[in-house]
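Just below is one structure, and these are the notes that go with it.
The values are calculated or read from the model by the stated rules, or taken from the named source; none is laboratory data. Keep in mind the model is a prediction, meaning the values are calculated, not measured. We place every Cβ from the backbone using ideal geometry, glycine too, and count neighbours over all the protein chains shown. These area figures cover heavy atoms from the full protein model, side chains too; ligands, DNA and RNA do not enter into them. Shrake-Rupley method; radii C 1.70, N 1.55, O 1.52, S 1.80 Å.
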Amino acid sequence: MAESEIIILIVSAIIGLFFWGQWYWIIHRVNPLASGPQYRWPLQWTPPICIAAFYAVVQKFASWDVIGSLAYTTFYLVFAAAWVGALRPLLGFCGVSWRDDVLERANTAAVMPVAAGLFALTLCFTGGNIGDGPGWWVVFFAAGMATVALIVCWQILELVCHNHEIITIDRDVDCGLRLAGWLVAMGLLFGCGAAGDWVSVEATIDDFVPYAIAGFVMMIAYMILEAFIRPHGIVREKGEFLWGTLPALAYITSALIWLASIGWWKQ
Amino acid sequence: MANRILFETWAPPASLWSRWAKPVLFAETLHGMLSNRSLSEKELDAAKTAWALPNNNDTAIVLDVPGETAVLYAVALANKGYQPVALFNTTSGSRAAIDVSKIKKALTLGAANLRGMTIPAKAPPAFILDSERKPQGRSPKPGQYDNRWVVLPQDFPSGRFLMNHGIRNIVILRVGTKPAADDLSHILVRWQERGLRIRGASLNSNAAAGDIRVTRPNLFRLAFSRLLVMFGLRRNSAGGFGAVVPEESSGGGYYG
């Protein structure tokens, strides 16, 4: 490994340990009177699931010098943990908080968006790792582009739809499920947009454009659908398949079908 | 175990509103937690609640007065069929910015009164706050325990939820006639815009509650407004607010 890679590894390890150490410490510390194990388990298990998904993809589709290399696989695993950990507070800026809503207020509706938000960040970073490239800065650029697109779309969505109000104040489980499905779909689109062999910055941006357009269409579709299916005067705290799970699956399925139809990512 | 019993006395699992009750202060050791000493009739009579009548199950009450007084009023209102909902989201420590010992004492005494009452599961809520939760112009110094706190829209049921459960009016009890605190106004405006009638009553007055109009605060409904409202306050790792101000720092303590 090059000197710069060792420095990045050490910095990533420190960042990852800080953010995930804080994550698990708070989960352990928050008084059990505030929220039961059903709220803590999803938070405890989401990071390992994200890392496992990242590992599975990297082992199959990463650069030729990463696949099968213990050193580079470890390097990118630590990099991924730091990436998702350091960007995790962005979920709070988008209106849903793992600590305030899930742990301290036992809000069932917030559990899925938090888990899906972390998974979407993981998908964006995973996409940046797919394909051959000269080094970690290529991953940083491609994954950064995907992550910025995700957060910008989420912020626009919040300005228009105010999902955070419905999820964190109304505690509408169906809205939480719909947002979770949309986040995973956007993570898939932008992650695949960031994937592919590295040629240049311009080529990476050019390749990303169709995926960004697809993400934009998905965002508009969410806004339109939300206007029709959002309850007026009804609080659905239990969750119903028709209004929560089904739209969530529809977003993810639409993204998968579109990606399959264009060949997942550009080589 | 005693903490849980005390908390569930104030937030019975069967009550519709208990999910909003804050357990933070109950998680601390409270002196004489399960004693039979209660608030006296004389103390409860001093709490003038004529403004809260009649209880038609369509009015929710927000007690935004000094904490121990709010607890006293909550017990008096429980006698009239309201379900107290304690929202104290703070902790205690040595050299604390806010002295919560009187609130803790009132909660233990009030619990004895509540144990002797039968409050219907669908009783309307009386939310208990401490108007001294974030004193203006008093920033804790290094070494002090900063337990100032705020309320967020997430700490209360939504206007839609209240309406769906028959609540049409909100009465806010406050000191004098001063306008609602900035953090509370974020909640009251949401309720107002949902169609709930907001009325204000004054502490130590039996005068009927009058209509009030709450104006929209800055950053209303923005996704990150909650982070800004909490900026400069210190979180407690066990939940709620409260931590020692570091000697070499005066910065904020929020991390999401």
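Quick notes on this structure:
- Residue list for segment B:168-180, restricted to those being open to solvent by less than 50 Å² (accessible area, probe 1.4 Å) and closer than 17 Å to B:F156 by Cβ: B:N169, B:I170, B:V171, B:I172, B:L173, B:R174, B:A180
- Among residues of segment B:145-155, those that are open to solvent by less than 10 Å² (accessible area, probe 1.4 Å) and more than 8 Å from chain A (Cβ to nearest Cβ), counted: 5
- In segment A:7-38, the residues that are assigned to a helix (DSSP H, G or I), surrounded by 17 or more Cβ atoms within 10 Å (Cβ to Cβ) and within 12 Å of chain B (Cβ to nearest Cβ): A:F19, A:W23, A:I26, A:I27
- Among (1) away from every other protein chain (no Cβ under 14 Å); (2) within 30 Å of B:L233 (Cβ to Cβ), the one test that B:A46 misses: (2)
- Selection status of B:A14, over 18 Å from B:N113 (Cβ atoms), surrounded by fewer than 23 Cβ atoms within 10 Å (Cβ to Cβ) and either away from chain A (no Cβ under 14 Å) or touching a strand residue (DSSP E or B) at 6+ places or on another chain (Cβ under 9 Å) (or both): yes
- Residues (open to solvent by 50 Å² or more (accessible area, probe 1.4 Å) and either within 27 Å of A:L33 (Cα to Cα) or not in a loop (DSSP other than H, G, I, E, B) (or both)) located in segment B:181-240: B:D182, B:E193, B:R194, B:R197, B:R199, B:D211, B:F224, B:L228, B:F231
- So B:L63, is it outside any helix (DSSP H, G or I), open to solvent by less than 20 Å² (accessible area, probe 1.4 Å), at pLDDT 90 or above and among the hydrophobic types (A, V, I, L, M, F, W, C): yes
- Checklist (1) open to solvent by 10 Å² or more (accessible area, probe 1.4 Å); (2) under 20 Å from A:A120 (Cβ atoms); (3) not in a helix (DSSP H, G or I) applied to A:V96, failing item: (1)
- Qualifying residue in segment B:128-141 (condition: open to solvent by less than 20 Å² (accessible area, probe 1.4 Å), small (G, A, S) and either at pLDDT 95 or above or out of contact with any His (no Cβ under 8 Å at 6 or more places or on another chain) (or both)): no
- Residues located in segment A:45-84, provided they are in a helix (DSSP H, G or I) and closer than 17 Å to A:A146 by Cβ: A:C50, A:A53, A:F54, A:V57, A:V58, A:F61, A:Y76, A:F79, A:A80, A:A82, A:W83, A:V84
- Restricting segment A:58-72 to residues that are open to solvent by less than 40 Å² (accessible area, probe 1.4 Å) and either among the small types (G, A, S) or modelled with pLDDT of 95 or more (or both), the residue that is farthest from A:C124 (Cα to Cα) is A:S69.
- Restricting attention to segment A:162-194, the residues that are more than 17 Å from A:L249 (Cα to Cα), among the hydrophobic types (A, V, I, L, M, F, W, C) and open to solvent by 10 Å² or more (accessible area, probe 1.4 Å) add up to 3.
- Residue in segment A:107-128 that is open to solvent by 10 Å² or more (accessible area, probe 1.4 Å) and in a loop (DSSP other than H, G, I, E, B) present: no
- If the condition is being closer than 28 Å to B:L25 by Cα and touching a Cys at 6+ places or on another chain (Cβ under 8 Å), then segment A:80-132 contributes only A:A109.
- If you go through segment A:132-149 and keep only what is surrounded by fewer than 24 Cβ atoms within 10 Å (Cβ to Cβ) and under 16 Å from the mean Cα position of the chain (by Cα), you end up with A:F140, A:G144, A:M145, A:V148, A:A149.
- Residue match in segment B:86-104 (condition: within 14 Å of another protein chain (Cβ to nearest Cβ), part of a strand (DSSP E or B) and surrounded by 17 or more Cβ atoms within 10 Å (Cβ to Cβ)): yes
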